[in-house]
Structure formats: C-alpha cells, structure tokens
Amino acid sequence: MDAAEPPVLVNPPISRLPDDTLYTIFLLLRGRPCFPGESDNALYNAPLDTQGGGAESDERDESPSNAPYPPTWVTMSIILSHVCARWRTLALSSPLLWNFIPITGTYSNRMMVDAFTTRSLDQPLSVLLTTVPRGINGHIYDLLATASGLLDVAPRVEQMGIVLPPSQARIVLQTLASPTEYSSFRVRKLWLDAGLDGMLDGDPRPITLPTVDPLSFRFLRARYMPIALIAYRGLVHLELFSVAPLSSVVLLSTIRNSPQLQIIRLRISAFRRPGDSIPTSLVHLADLQELVLDVGGTERSAFIVLFHITFPPTTKVDLRFIGQLPSPLYKRSASLREIAATVERASMQVDPSDGLLLKSDEPPALAVGCDGSFFDVRPPWHLQLANVSRAQLCDVLFAVPLPALTELNFALERWDSEEGIPVSQDRFDALFSAVPTVVALSTRIDARYAGYVIAALGRPLHASVMVEILRPTFRCPRLRRWTILWCGRAPSIDDFWLVERCCAARAAAGVPIDRLGTTVKVPELVMGSLRRSVSEVVVLGDDRLYSTCC
C-alpha cells in the first residue's frame, strides 16, 4: 500500500493576512532596536575575531562562540525580505525595518549600509560602529570609510553607538570630534562601550568626546572608556560606568545645566578635585526617576553629586560604597533624608561576594549597598577586592539611617569562614542597635549563626548595674513579631532553648515578643516554657497554631 502524500497548502492561512497585520508581525519579529547591552544591561564584549555585518547573501556561522554582531533583530529584516515576493515587497516598503545600521567596515557591510540607508527613506537612523577585527588599525579606517557614506544623510542620524576597544574607539571619536565633515552629525543619543577589553586598556589618555548640538543632544552613556567629559547641556540620561576619574566641576556643571535629567547612573572610583570653586547652590531635578551612585571608595566626596541636587521623593535611589563612611550621607542631602524618613519596610541581604545590601520593600525605592569588590579605573585597570572583612553588618544603616523602619527582613546565608564578612557577636549587636524602631523582624539565617542573633536580641544592654537590676534595656525595644526562617542544618533543641531564654528575658523586662514564627516545630519540652512568655507561636507551613490564652 502506497504511503499517503502529505497535503500541500496552496494558500496557507498567513498569506490571507492583510498587509497592515503582516507589517505589525514584522515589527514584532524584528523587536525594538537597541545597542549591545542596552536591553538587559548585560555585560558585552565585542566579538573582535569575527567580521560580522555580511551582505544579504552571506553564509555565516551562528554558533555561540562565533556568532557575529549584529544579532537577529538586525538581520531579521533581511530574512523577512527573502521569504516570498509579497513579503519582500512589503518589507522593502517598510522603512522602519531598515533604520538601524551596523557598520563594521567589511566589504559586504558597505553594501548593506547602502541598502539600509536607501530603504529607510527619511526615517531617523541609529548607527552602530562595532566588530572591528583584532590587531590591525587599518580596519578602523575601513570602518570610518564606510561610515563616511552616511554623510549625505547625517541630519537623520539621531543615535550613535560605538562598541569598540578603547584603542580603536579613540581613533573613531577623535575623527568625529575633529572639525571635518563629520561634525554634520546631530546625534541625540551617544552610546559608548569598550566591553571587557576596556578594563585591560592601560592607556591613561582621556578620549575627547565629539562636540554635538546642545539643542538636540539628550543621552550619554559611557562604559569602560577613559573619556574626557565636557560640559553638556540639556541631558535627560547620564550614565558613566567605570570611566576615568572625572572633574567634579565639569560633571556638576553638566547636571546643573540639565535640570530635566531623568536618569543619573554613576559607577566610578573617584572624582578629580581641581582647584576651581564649586557653586554651593542646589539644583532641583524635578523629573529625576533614578539615581545610582556606585563609588569605589569610602570618601564622602565621591558622593558629591548627592550634595548638590534635590529630587522628588518618588526617585529610585541606589547607593553603593566600599567600607564604612565617616558619617551618614543624608546629613547634606535633604532629599535623601526625606526618602529615608519614610521607609517602613526593608530587606537586608548579606552575601560573601556582593557584601551588604539594604533595600526598601515598597515605595519609596531605596537601596544602599556596601559592595565586596569594585573595578579600579586608575591605569592599569584591575579588579580590586575590598576589605570586606572589616565591614560591619550595620554599615549600610550607618550610611543611610532609617528612623521610621518598622519591618526588617534579614538574610544571612552560610559561607566558608575564610571568605566574606567574619561573623562575630559585636557585629550583630551593632546591627540590631541600629534599628531600634523595628516592630516586625524576619531572620533567614543558617542555624549555626542563630546564637549571634538570639544573643543580640536577648542580652540586656549593661548601661549600669542599677538599671540592669531595676529594668534592663534591650535592643529593638519595640520588637513584637519575630519570624525565624531556619536554613542550613536543622536547629537543635539547644537552639530552641536559646530562643526561649531570649523571649523570657524580654518579657520580664516589659518588651515581650508577642508572636513568634518558626519554620521548624518547637520541641514540646521547650514549648512548655515558651508559653509563659510568648502569646502566639506559629509553625510556618503547618496548620498547627500554639497559643497561650490569657
């Protein structure tokens, strides 16, 4: 018996879609054009050993180790235009599919650039200069020669990305900054990324950025590029990641002249402090949505931006530093003080590699971190491990105290003793002394650290012998709800006896724990004594509720 032949769809359903629906599908398949690392903020290192950017007929190896840039959302326009005659006609008549142009300088790329500029008609262009083969500077000039083909459409170039190692990016930016025909570009967005090679570049010479039209320029982002920042005006997005030490005067001048800033992200090691005087007046950034200051040092001067601006309480604030700051950051920042004063719920994570991180659990959005490592940007650039061993658990709360904090989730996972922050009773005592207003506390800790937490909460403060006898004082005097999330090894009966002694001591001093939650069932022998000092004991994940009736 002959096998049945598969049916042939003479008129598949997709061919019956109207052009406007098919065009919408094309745009969804292509996705939002963006520069490398922009969509997910992932680290990006240009594949310098590949040619990339081939012509429409190129056959390329797309394996992960050899996949060239541009990615699928750039080549998708070419793929869609080679399915059938109808699709090609629709794709070629859709200029939005062709307005992102990667430039690599290869022969096939030159043909692609010409095709994209023609098919994009009068649409604004995004241009990416990237993927230059390693080791031969001559290829840089091939790239620039290809880019010169855009001079006829220079007014249409609104976004420009340069993703190259610093030595090659230096040549490109110097060419764009020179008083030649390249000055006809009027970009609104400048995206600079040296990739991981930027950390290894030992050339300390700053790269001069091109002078752009101040009436149009709005977006500046530089990562691992030793740029010489110039005083721009009217920015809405300013992001500098591990660039060379900057002049505080120029940076503050840029911010002062950009009151409509929405995003400020500064991840730098320090500022150069020239002798020029800095204006003491504050600039109000009414539209600021996100403020990230990540500095590789403990000097308050590195947070100088924070002390010269004011911002609304809806701003998302993220502050990172190394070690212990000499005094709270918000002493000179009324806006930060206003945000900190309204944080009622927060989570604190202790990690051996990332250090300490304190985040608010609800608006306002505030994060304060004491990092475990940072990249030093002073040539030669290298990874420098911070001395986290000297960091206290309360450093983040010392940097930005939270006077209204009522709920704290504290997590301390287990790690080897030779790495991370050494655990000691003094560190836990300091931590819980810094949160006197906490009413509800959740501690996710390894069972071997439980004794430190219990002792910090259950040991009285010995202010004097007379005070200890009459009414001893305890840390977190307002604490009424305590949840213990055990992790690591199972808690022993001795651990539960420590919890019982803590609750009994606090109850005798008039600062009782009203509700105790635990992820492990309390032994009955301990429960008999615990009922005398705690009103409710809840076994989380268990329907059984132990309660003491008054």
Rounded to one decimal in nm, the spacing of the 7 Å Cα→Cβ label points at Ser424 and Ala490 is 3.4 nm
Packing rank of 165-174, 504-513, where each peptide gets the mean count of other beta carbons within 10 Å, highest leading: 165-174, 504-513
Using 0.36 nm per residue, how much length does the chain from Ala231 to Ile278 gain when fully extended, once their Cα-Cα distance is taken away? 15.5 nm
How far apart, in nm, are the 7 Å Cα→Cβ label points at Met527 and Leu96? 6.4 nm
Residue separation times 0.36 nm, minus the C-alpha to C-alpha distance between Arg337 and Ser167: what's the value? 56.9 nm
Full-stretch length increase - Thr473, Gln260 - with 0.36 nm per residue and alpha-carbon distance subtracted: 71.7 nm
Cα gyration tensor shape for the stretch 83-155, rounded if a/c is under 1.5, else prolate or oblate: prolate
State, to one decimal in nm, how far the label point of Val439 lies from the label point of Ile25, with both points 7 Å from Cα in the Cβ direction. 5.6 nm
Cβ-Cβ FRET estimate between Tyr141 and Arg16, R0 fixed at 60 Å, reported to 0.05: 0.75
Cut-off under 29 Å on the C-alpha distance; same-chain residues fewer than 8 positions from Lys331 excluded. Which lysines are left, in chain and number order? Lys316, Lys359
Using the beta-carbon distance between Thr519 and Trp497 and R0 = 22 Å, what value does 1/(1 + (r/R0)^6) give for FRET efficiency, to the nearest 0.05? 0.80
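Values in this text are rule-based calculations from the coordinates and carry no lab data. None of these values were measured; they are calculated from a predicted model. Please note: Cβ atoms are built from the backbone with ideal geometry, for glycine as well, and neighbour counts cover all protein chains shown.
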